[in-house]
There are 6 protein chains.
Amino acid sequence: MSTSIRIKVIVPVTFPGWDDDVKRVCRSAADSATRIEVMHLARGPASIESMFDEEWAALPILQAVAGAEQDYDAAIIYCFGNPALEAAKEAVSIPVVGLGEAAQVAAMPLGDRLGVLATLSSTTTRHWRKARALGTAAKLVSVRALDIPVLDLVDRGRVRERAQAVVQQMVMEDGIDVLILGCGSMVDLGPELELTFDLPVVVPALAAVKLAELYVRAGLTQSKRAYPLPGKKERTDTDGLG
Amino acid sequence: MSTSIRIKVIVPVTFPGWDDDVKRVCRSAADSATRIEVMHLARGPASIESMFDEEWAALPILQAVAGAEQDYDAAIIYCFGNPALEAAKEAVSIPVVGLGEAAQVAAMPLGDRLGVLATLSSTTTRHWRKARALGTAAKLVSVRALDIPVLDLVDRGRVRERAQAVVQQMVMEDGIDVLILGCGSMVDLGPELELTFDLPVVVPALAAVKLAELYVRAGLTQSKRAYPLPGKKERTDTDGLG
Amino acid sequence: MSTSIRIKVIVPVTFPGWDDDVKRVCRSAADSATRIEVMHLARGPASIESMFDEEWAALPILQAVAGAEQDYDAAIIYCFGNPALEAAKEAVSIPVVGLGEAAQVAAMPLGDRLGVLATLSSTTTRHWRKARALGTAAKLVSVRALDIPVLDLVDRGRVRERAQAVVQQMVMEDGIDVLILGCGSMVDLGPELELTFDLPVVVPALAAVKLAELYVRAGLTQSKRAYPLPGKKERTDTDGLG
Amino acid sequence: MSTSIRIKVIVPVTFPGWDDDVKRVCRSAADSATRIEVMHLARGPASIESMFDEEWAALPILQAVAGAEQDYDAAIIYCFGNPALEAAKEAVSIPVVGLGEAAQVAAMPLGDRLGVLATLSSTTTRHWRKARALGTAAKLVSVRALDIPVLDLVDRGRVRERAQAVVQQMVMEDGIDVLILGCGSMVDLGPELELTFDLPVVVPALAAVKLAELYVRAGLTQSKRAYPLPGKKERTDTDGLG
Amino acid sequence: MSTSIRIKVIVPVTFPGWDDDVKRVCRSAADSATRIEVMHLARGPASIESMFDEEWAALPILQAVAGAEQDYDAAIIYCFGNPALEAAKEAVSIPVVGLGEAAQVAAMPLGDRLGVLATLSSTTTRHWRKARALGTAAKLVSVRALDIPVLDLVDRGRVRERAQAVVQQMVMEDGIDVLILGCGSMVDLGPELELTFDLPVVVPALAAVKLAELYVRAGLTQSKRAYPLPGKKERTDTDGLG
Amino acid sequence: MSTSIRIKVIVPVTFPGWDDDVKRVCRSAADSATRIEVMHLARGPASIESMFDEEWAALPILQAVAGAEQDYDAAIIYCFGNPALEAAKEAVSIPVVGLGEAAQVAAMPLGDRLGVLATLSSTTTRHWRKARALGTAAKLVSVRALDIPVLDLVDRGRVRERAQAVVQQMVMEDGIDVLILGCGSMVDLGPELELTFDLPVVVPALAAVKLAELYVRAGLTQSKRAYPLPGKKERTDTDGLG
């Protein structure tokens, strides 16, 4: 009955191997009337584990978001770090949702002491900084890392074992009551951790899809007072993206 | 394709006149596979405009939520004040979502300076207190009131005119970039205010429905570490609800 | 010389066994001109260990507070969770003081890193949430639990032993410098813990009595701007309390 | 019946003219069993309107507090700025209470948006800074000044008129719901402001007396973990106070 | 006597017209042993007024910073928005300082209520967000805009007049006590505003130079725990920067 | 080329033994055009380890600062506790910088989770309180103590060993990424700790010197709106300092 919603999911890396998993996990939360299209970048970083990687992904993301504006109702930047998210919100009039922001705000009603399971220790302060900017820091009490590089997350056995150990610390020492998976690639860890530790485990992709659907259905988009349309001006890139 | 989701929407007042509007507005955001059932209370307050009213609604709400647990996948407490929400989250294993919390967390990604349009001045400090508890206070910069009692919100012309004046102040003096309608009855104010002030206007009902769908689709519910199941004990009420 | 002050202390549970102890401990801080009257509830929960319990106690508390307005100068809700406190402050013109709020504000000048010793682990996030609403969270650094149900707090030996172990952690790991007893039933733990850990131990009852006396002597009561008198409206309860 | 409490009230200025008023206002909140002794300084500043003045008062205050330790149960530093308060809490084992801290913590349960009426504009940022250190800043929303020097506060007519104008702004523009008189000399402004603006007006002296009584009755004093006894060491002053 | 310090100042826009002014203003704060080199970008945006512009400047900034690592002791990103600053701090081992962060931290000891004078209203929420991430938000009380595009800041008369009006509001309505010039192009506004409003006016360039000198002299650089060196991985850009 | 800057460094204790080290460490960060003059107090405490000590140092510090105003461009109060700093900022028109404030603001751009290495456990809550007043608390995550009295800091071997153990805890348990030496006497600990723990170690003296130079070069001084000049009034001290 309801008209269909078209969501463009941008996996902001050049590695193509995530696309199918991403489509599957996004699909699992989507309304039947929602069409999910997943893409990865033609240029940019192979994976995102730092602000440096985020900057390498930025222009390609902006290009992808701009490309989505015509034919899609919303775009999702599929990375917990929310790379280029603020710029993307400025650039287009369709709602743009980041994995990390969606996961954190969706987790807030579920508990009072949120924890983020990060991939690498080197990313934890970046997540703290971003939470302060997002305004979610008031409920964030723990960010701990698997210390497994993103591209090795495919070794499910090792990930699973390590996750058990780290989340144990987050529960016992930091007192978390909700766990947020801090990377778009940790999609299958949820059920096992929920069982062991008796706490909700938020998979960011699902939160992002549902938030995107909400904004489309409600006719909402990011505030142009907070994210004003960038004025026209000369901006040059070597391959003429500007 | 996706299995259906059944959501019980509890309008926590004895006034039956809101039910149809509530169903319509909730329906407008819902997945086609979602079934929305709206009910109001058999006993309790006629409207909710204070913590006192909230307490009068509490046990009937808890009874309604408990009644929903068997046959529904999620429950929504349809009041911006989130009456009895924490107790309801403790009481059942299905996700329970409050209008106020859903609206505020869904508004966070849309901007940086949120404003709540309240019904009465006498409710504004209550909203500030609740935002601190919810953890959304970091982005809340303005709570101002129409100063029209809930039951008079049916006078649409008066509401509309007054809303224009108050939101004008919220934009000019408080610098809000997102407006949240601070009462479940202000459902039709959005489009006009969006147009006049060029900012997103969050209708809490839509946020609550989509958040509830997310939790059901993702197999999530409020953390039992944060909202533990109340132990069995003697609790007496005059009509044997206990 | 000074005129007498009449304080109604409402123990918000149906268990009558606390009344004498409560009177004794309240008396110990009271001005000689203060009259303390202790009551428990005729209906409601046997004990309060959750928001669910708090809601069961709410209407009987409001009834008790309203009943006190005529003949008493102040009312104390004798539970660290401050059940129905905000509604009670709205309902009457005499000052109403909650055990938890009194203890926390009275503790603030004594140190910089406050800790609350709770009864059950299941209550700790509730205390964190409430501290944020009360505005005392800035100094709160630790909430840990005895993990002994309220009604078993009568086993003084077990309580004492467990308290030593938990407070040890609060001092060594969380660095507290003031301890607040997080339940109205832990009245006799103070001296021993003070001795062992060399820190002040705040017994909430004493703080509540003295704060109530202050408000009466100073002609103060809760702000009607923050806690407005609930308007008259239809509110129904099965036994006609409304 | 209860044993008597002896409180030393130190007016930390050399001007002797406040003593009687101070005694009267302190007396008005005191338990009948409480003995109030008021003193002013033999050396120090004539009034306190800056951090500079506070430093001039510091050693004489510490001398007075040390002198009180033997014969008194508690000491009050009678200045809203709390001069030398932290050092005094370190120096002695009896509880020491500052006017400003007592007023602010006692005001917290009365409302949600506190305002401090200061004497001079030049003191307002000093009050903001101190509120952050005290941990009360979460509820403080307004500090505005009469802009009348302390020693001119005796011109009651001028003070009254100016107070009406300033508090009007605090209520209308800043939305305060509790007013705190930000100087120990504004003792008689309360009733009139309460009447005009319908909000509680906290007189710091009363809060300080009652808090001091609480600490004495409860056997409490400032935490020696937060305010450790200063070790013995060479400290020289020209007149051999060291 | 002291060895020389070489600082690379990167003006992150393609407009070459600022370079001389930037050199002059940086020089005015520099140690005589400090060598200042100013450069602008060969590609990127003509000016920076949004997150979108910041992303267009990011890779060229990172390239410039990397290029500076060999021959310079420190780098300054000459834009109040601190574009690509976090990534730059990760990328190199020499200290990298942003104009906005330097200005804000250097302003903190000067007062208690900081205000940022922005160029455009559309940039104000961006500055609020960044202040939260920087950790300087506790003292920030006002961000107001000239509403003059960066490239029109050369019209000194118009800028001057408008600045007087806006800062007047920041002082009277927001109570600022320190003014921070929120753009690297507002270099000459200081003296006049200081005179009119009797408050310190922080010119970001000077703060950045002195902070850079401090880090070099003290052998300090950004923490590699907070800003870890990006691992080697495939990162592609169309012109082979990767 | 640049005109010389004269900085008066006030070591606020009567112990003369630090002066040479202080001069050396200050010199190491100073511009070649900067003249550093170090002095200690003729009267006051032998060392500063408490608020009590700070008050004993206050008037001599104010006298020294006033004495510096004529012939110096800036003054530094050489103690991490910043004794009498606010009063000193009020008293004079030249910029006055405290070691503790300079170290903390200079550390903020270097990382996200700052830790202060204090001398004694008894000083840690004092540092937390001060950080809240300074506005740096948002990034402060750890304050731990060597538990070695200031005057024993000359035993370098013992200090070194103990520092390694304490900083190990700060890194592993509290997750600090920047270390601040919390006493002006710990000048030589930096290199070793930096090496062991791979994090920047901020020596407060260097930050203070560079901040003072910045203020002088930029023509800045503390805001007279935040730190107003104390009015003339009678202030008496036994030796006629007033």
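Structural remarks
- Nearest-ten-degree value, helix F:19-29 long axis tilted from longest Cα axis of chain F: 80
- Local electrostatic count, E:Ile61, Cβ distance below 10 Å [Lys/Arg +1, Asp/Glu -1]: -2
- Hull-based mean projected area of the range C:69-124, where the convex hull spans the alpha carbons, in square nanometres: 4.9
- Note on A:Leu229 and C:Lys232: their simple-model spin labels are 5.5 nm apart, each label 7 Å out from Cα toward Cβ.
- When C:Ile148, B:Ile48, E:Ile36 are arranged by Cβ crowding within 10 Å, least crowded first, meaning fewest neighbours, the order is C:Ile148, E:Ile36, B:Ile48.
- nm² value of the averaged projected area, convex hull over the Cα atoms of the protein assembly as shown: 47.8
- The range A:118-206 - Debye-derived log10 I(q)/I(0), Cα point model, q = 0.16 Å⁻¹: -0.60
- Kirkwood-based Rg to Rh ratio, the range A:43-86, C-alpha trace: 0.97
- Cα pair distances exceeding 25 angstrom across the range B:44-145, given as percent: 22
- Alpha carbon convex hull of chain F, projected area averaged over orientations, nm²: 13.1
- Nearest 10 degrees, 0 to 90: helix E:156-172 Cα axis against chain E principal axis: 70
- By the beta-carbon count within 10 Å of each Cβ, the least crowded to most crowded order of C:Met172, D:Met51, fewest first, is C:Met172, D:Met51.
- Minimum Cβ-to-axis distance in chain E for the rotation onto chain C, with residue, whole Å: E:Ala138, 6
- Between helix C:51-71 and chain C: long-axis angle, C-alpha atoms, 0 to 90°, nearest 10: 50
- Of every Cα-Cα pair in the range D:1-95, the percent that sits beyond 16 Å: 52
- Radius 15 Å from Cβ of F:Thr3, net charge of other residues (Lys, Arg +1; Asp, Glu -1): -1
- Residues E:Thr196, A:Thr124, ranked from the fewest to the most other C-beta atoms within 10 Å, line up as E:Thr196, A:Thr124.
- Copy-to-copy label separations for C:Asp71, where each label sits 7 Å from Cα toward Cβ, in nm and ascending: 4.5, 4.8, 8.0, 8.0, 9.2
- A simple charge model with +1 on the Cβ of Lys and Arg, -1 on the Cβ of Asp and Glu and nothing else charged puts the dipole of the range A:57-203 at about 420 debye relative to its Cα centre.
- Extension gain, F:Arg158 back to F:Arg43 (0.36 nm per residue minus Cα-Cα distance, nm): 38.4 nm
- Reach of E:Lys233 by Cα under 26 Å, taken over lysines that are not fewer than 8 positions away in the same chain: A:Lys23, A:Lys130, E:Lys89, E:Lys224
- Within-11-Å neighbourhood charge of B:Leu110 [Cβ basis; K, R +1; D, E -1]: +2
- With the cut-off at under 13 Å, measuring from each backbone N in the range B:173-208 to a point 7 Å along the Cα-to-Cβ line of B:Arg24 picks out B:186-189.
- Separation of alpha-carbon centers, the range B:16-83 and the range F:160-231, rounded to whole Å: 55
FYI, it's all coordinate maths here, none of it is from the lab. Remember, it's a predicted structure, so these values are computed and weren't measured experimentally. Using ideal geometry, Cβ is built from the backbone for each residue, glycine included, and neighbour counts are taken over all protein chains shown.
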